[in-house]
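The block underneath contains the structure these notes are about, expressed in structure tokens.
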Amino acid sequence: MKAILCTHFGPPEDLEMADIAAPQPGPGEALIRVRAAALNFFDTLIIAGKYQNKPPFPFSPAAELAGIVETVGPGVSGLSPGDRVMGYTGWGAAREYVAVAAEQLVKLPEGLDFERAAGLTVTYGTTIYALRERGQIKAGETLVVLGASGGTGLAAIELGKMLGARVIACASSDEKLVFARAHGADETVNYTSENLRDALKRLGGDRGVDVVYDPVGGPYAEPAVRSLGWEGRYLVVGFAAGEIPKIPLNLALLKSCDIRGVLWGTWTKREPQAQRALMSDIARWCVEGKLSAHVHAVYPLEETAAALKAIADRKVMGKIVLRP
Ligand SMILES: NC(=O)c1ccc[n+]([C@@H]2O[C@H](COP(=O)([O-])OP(=O)(O)OC[C@H]3O[C@@H](n4cnc5c(N)ncnc54)[C@H](OP(=O)(O)O)[C@@H]3O)[C@@H](O)[C@H]2O)c1
């Protein structure tokens with residue numbers, strides 16, 4: 001089978017296209033013929049050795065996929081050859097076949113295509129876990145989304161609206177903000193041309209904002225925390241800007257507010273049944289038109305390096321998908 005391999009840590013152009021033997025499914029696993037694999041920002045980190053997960057070499061990037069069950073290993077029930085599925089692998093999906101733990105797969109409902117399904121698991125899974133379980137967001141509250149046109153950001157706009165929040169989308173260009181509004185944002189802030197703190201003070205009013213969803217970090221984190229109101233919640237999702245911010249703890253004291261971490265990948269392993277139920281909900285909401293699962297572009301497997309560079313260069317709105 002064709003596979004994109006990372007044989008040493010480095011930039012996207014160091015990835016190699018190889019012909020290797022297809023895997024066999026082990027106990028509890030299903031062998032999936034990958035029809036679409038989605039990339040995330042963290043794939044740019046994992047191949048560079050800058051991510052918390054460091055898989056053994058050689059490995060393939062791409063943490064999520066949609067495809068068809070080819071065979072199942074011992075002990076798997078509820079999945080059969082020919083089933084259309086989507087799921088989470090952590091890494092390893094940029095190839096034609098992959099063996100995946102059956103508990104990380106859900107069947108695709110009618111009407112959900114492979115390309116949108118491939119990119120649903122990580123961003124929407126992370127975000128519903130972040131907003132509902134960690135942020136305990138309530139209808140009528142104000143939600144600020146940083147990096148709002150990216151994969152997780154778009155999911156936060158759409159799920160935030162579904163949960164009844166007023167959504168303030170923040171991004172680096174007017175084009176990205178038009179995209180954010182088209183996907184449901186009520187208000188927008190261009191944090192390249194406008195001071196984020198001033199804009200959130202204006203839009204948050206006397207009460208301040210209730211929840212901040214931050215997949216970006218860097219220079220935007222502290223002004224976002226300063227914009228929280230009484231008992232607000234700041235959700236630490238990621239650091240796409242590269243710099244891990246340091247927040248003065250007096251801000252948490254003065255607002256009686258919370259800084260809450262979100263580590264969805266580990267949660268899926270601790271709570272596999274809750275995760276599967278949540279993914280079935282997300283797939284259904286997508287079919288019902290409540291979530292867009294917007295695909296910015298589809299690249300052939302051999303162009304994985306170009307796809308990763310587009311993500312690192314902030315050129316993507318929504319998701320990038322690979323087609324093996
Ligand atoms: N905690 C979890 O469980 C979890 C799960 C999934 C992902 N994450 C993390 O969430 C972060 C975002 O992931 P994603 O897949 O949504 O990424 P993405 O689609 O690439 O979006 C990230 C956004 O960050 C902004 N950004 C600001 N500075 C940037 C820079 N120097 N380089 C690239 N982007 C920059 C960009 O928006 P603007 O141009 O508008 O600023 C971009 O749209 C990553 O750090 C990822 O590791 C965490």
Among the listed residues 203, 154, 159, 143, which satisfies the condition of being within 12 Å of the ligand (Cβ to nearest atom), of a type in the set (A, V, I, L, M, F, W, C) and either over 17 Å from residue 293 (Cβ atoms) or in a helix (DSSP H, G or I) (or both)? 154
Of all residues in segment 18-35, which are more than 26 Å from the chain's Cα centre (by Cα) and part of a strand (DSSP E or B)? 18, 19
So is residue 256 among the small types (Gly, Ala, Ser) and either near the ligand (Cβ under 10 Å from one of its atoms) or more than 27 Å from residue 103 (Cβ to Cβ) (or both) or not? yes
Subset tally (residues that are among the aliphatic types (A, V, I, L, M), open to solvent by less than 10 Å² (accessible area, probe 1.4 Å) and farther than 17 Å from residue 189 by Cα) for segment 123-155: 4
The correct count of residues that are buried (at least 16 other Cβ atoms within 10 Å of the Cβ), within 9 Å of the ligand (Cβ to nearest atom) and among the polar types (S, T, N, Q) in segment 170-189 is 1
So residue 221, is it within 30 Å of residue 34 (Cβ to Cβ) and either in a loop (DSSP other than H, G, I, E, B) or more than 14 Å from the chain's Cα centre (by Cα) (or both): no
Tell me yes or no: at least one residue of segment 267-274 is within 16 Å of the ligand (Cβ to nearest atom) and assigned to a strand (DSSP E or B). no
Selected residue [part of a helix (DSSP H, G or I) and within 23 Å of residue 161 (Cβ to Cβ)] from 252, 277: 277
Of all residues in segment 57-83 being within 21 Å of the chain's Cα centre (by Cα) and within 23 Å of residue 286 (Cα to Cα), which is surrounded by the fewest Cβ atoms within 10 Å (Cβ to Cβ)? 63
Would you confirm whether any residue within segment 45-56 is in contact (Cβ under 8 Å) with a residue 12 or more places away in the chain, more than 16 Å from the ligand (Cβ to nearest atom) and open to solvent by 30 Å² or more (accessible area, probe 1.4 Å)? no
Checking residue 277 against (1) open to solvent by 60 Å² or more (accessible area, probe 1.4 Å); (2) modelled with pLDDT under 95; (3) away from the ligand (no atom under 12 Å from the Cβ), which single condition isn't satisfied? (1)
Which listed residue is within 19 Å of residue 90 (Cβ to Cβ), modelled with pLDDT of 95 or more, touching a Pro at 6+ places or on another chain (Cβ under 6 Å) and surrounded by 15 or more Cβ atoms within 10 Å (Cβ to Cβ), from 308, 322: 308
Are any residues in segment 280-305 open to solvent by 10 Å² or more (accessible area, probe 1.4 Å) and assigned to a helix (DSSP H, G or I), and if so, which ones? 280, 281, 284, 285, 287, 302, 303, 305
Selection over segment 36-55 where residues are part of a loop (DSSP other than H, G, I, E, B) and either closer than 13 Å to residue 152 by Cβ or in contact with a strand residue (DSSP E or B) (Cβ under 7 Å, 6 or more places away or on another chain) (or both) yields a count of 2
Counting only residues that are open to solvent by 20 Å² or more (accessible area, probe 1.4 Å) and of a type in the set (Asp, Glu), which one in segment 194-232 is nearest to residue 173 (Cα to Cα)? 194
All positions within segment 109-132 that are free of Cβ contacts under 8 Å to residues at least 60 places away in the same chain and either within 13 Å of the ligand (Cβ to nearest atom) or assigned to a helix (DSSP H, G or I) (or both): 132
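The values are calculated or read from the model by the stated rules, or taken from the named source; none is laboratory data. Computed from a prediction, not measured in an experiment: that's the story for all the values here. Neighbour counts run over all protein chains shown; Cβ positions are idealised from the backbone, glycine included. When the accessible area is computed, the model is the full protein with side chains, heavy atoms only, and any ligands, DNA or RNA have been set aside. Shrake-Rupley method; radii C 1.70, N 1.55, O 1.52, S 1.80 Å.
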